[in-house]
Amino acid sequence: MGINILGMGNYLPEQTLVNDDFKKFVDTNDEWIRTRTGITERRMAGWEPVWYMGKEAALSAIERAGIAPSEIGLVIFTTVTSDFLTPSMASIVQNEIGAVNAAAFDLGAACTGFVYALDTARRFLYTDDSLKYVLVISSEAISRFCDFTDRQTCILFGDGAAAAVVERSDKMYSCALGSDGSGARVLFTRNLAPAPEVMQESDFSDGFPEKPKHLLYQDGKAVYKFAVQALPAAFELAASKAGVTKDDIDWFVPHQANVRIIETAAKKLGVSMDKFILTLDHFGNTSSASIPLALNEGIEKGLIKRGQKLALIGFGAGLTYGGIILEY
Ligand code: UT7
């Protein structure tokens, strides 16, 4: 009951911001950012909408998969930075790429979005015989929601998109998904649609910290603490389901949030950092796009080869986490 990743593609915004560019907004420096996060530069969406980046990544994935858009039965789109509350990004891209026979919806699991979406794609493939191919797209423009006066947060994120075309396959596969909603208040972006003026005022508080308008709020230390246990746990849970150990895995493809988080996870798992695909230094944290961007880069560089076993492991707002073990 596994899947085959037929083709992948990506889209990266034209503009790049290096660490020193952040000196214009906040009191920071290249050395702090590099040593505390592992990030050197990141792409920033300028004119590019989230759906556009997703569309470009999708077209590349479809071409590499060697299929026609009309053969896609479902489009799943993940993002934490949707251009619209409605319609879905998936519906817009479905039309743009000519996937005329596809259903389409967005899936929200923050930075764990691609892992959740890939497993959702697999479940659709095995419960609907008429589906042949599912297109999973992850696209993010986090820069639009960053507080460029918050030096602990704004330096972390980057923008970009990646996509994968998947089909049914008897290759090995296992997945473990999880959530700890008690951590919802440590990482969020508020959707501030005010109640109509005719409604009565209330002093109701939802308990989330105040943050101006729509800007991203992060308690970095709390997320860090969660991440260093969630990343290895996501692997262990998926591995035990698959009946494999760390030694069976050729490549670990983790969510790229902070190189120190990945190093700590690698140490806990007893795995060499050489087995981890890292894109953090040049892309920063691109939320749900980070795992597929890393996966795509590993494939493009010839590191990840057919027949190898991969562990995709992620965590993010929610707080969510998840791991997939699959054969490429
Ligand atoms: O996908 C979403 C997942 N998000 C994450 O995984 C983020 C998880 N958290 C982290 O990666 C880290 O907690 C951060 C990178 C956000 C912060 O790193 P840290 O090692 O926890 O730094 P800190 O908050 O302990 O700050 C250490 C010092 C502080 O100064 P003082 O109080 O010691 O004087 C900060 O004010 O570093 C200061 N600082 C900075 N200095 C220069 C914080 N941000 C910066 C900065 N430049 N950009």
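The values are calculated or read from the model by the stated rules, or taken from the named source; none is laboratory data. What you are looking at is a predicted structure, and each value in this text was computed from that prediction instead of being measured. Here the Cβ is made from the backbone with ideal geometry for all residues, glycine too, and neighbour counts use every protein chain on show. The accessibility values were calculated without ligands, DNA or RNA, using every heavy atom of the protein model including side chains. Shrake-Rupley method; radii C 1.70, N 1.55, O 1.52, S 1.80 Å.
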Name the longest site-free stretch of the chain, where the excluded sites are GluC sites (Glu not before Pro) in a DSSP loop with no more than 11 other beta-carbon atoms within 10 Å. 15-196
Pick from Q308, Q200, Q152: which is most flexible by mean-square fluctuation in a GNM of the chain where alpha carbon atoms under 10 Å apart are linked? Q200
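Using a probe of 1.4 angstrom, how much of the accessible area of the chain is carbon and sulfur, in percent? Mind showing how you got there, number by number?
Numbers: 7160 of 14100 Å².
Carbon plus sulfur share of accessible area: 51 percent.
With all protein chains present and a 1.4 Å probe, how do D250, D170 order by accessible area, largest first?
D170, D250
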Can you return the lysines within cross-link range of K305? Criterion is Cα-Cα under 27 Å, with same-chain partners fewer than 8 residues away left out. K55, K132, K171, K241, K246, K267, K268, K275
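Between W47 and K171, 0.36 nm times their residue separation minus their Cα-Cα distance comes to what?
Using 0.36 nm per residue and subtracting the Cα-Cα distance, I get 40.6 nm.
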Over all directions, the chain yields a Cα convex hull whose mean projected area in nm² is 17.3 nm²
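To the nearest 0.05, what FRET efficiency results for D180 and H214 with a Förster distance of 30 Å applied to their C-beta separation?
The value I calculate is 0.80.
Output the antiparallel fraction of DSSP beta bridges having both residues in the chain, as a percent to the nearest 5.
Values: 38 of 55 bridges.
Among the beta bridges of the chain, antiparallel pairing accounts for roughly 70 percent.
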In Å and whole numbers, how far do the C-alpha atoms of segment 147-304 stretch along each principal axis, longest first? 60, 33, 32
Using 0.36 nm times the number of residues separating D250 and F148, minus their current alpha carbon distance, what extension gain do you get? 32.9 nm
Shape call, segment 2-170: gyration tensor on alpha carbons, a/c limit 1.5: prolate
Once amide hydrogens are built 1.01 Å from N within the peptide plane, the residues lying 5 or more places from L215 or on another chain with amide H under 5 Å from its amide H are R190
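Before I look further, what does the chain give for accessible area per residue, probe 1.4 Å, in whole square angstrom? List each step's numbers first, then the result.
Numbers: 14100 Å² over 328 residues.
Solvent-accessible surface per residue comes out at 43 Å².
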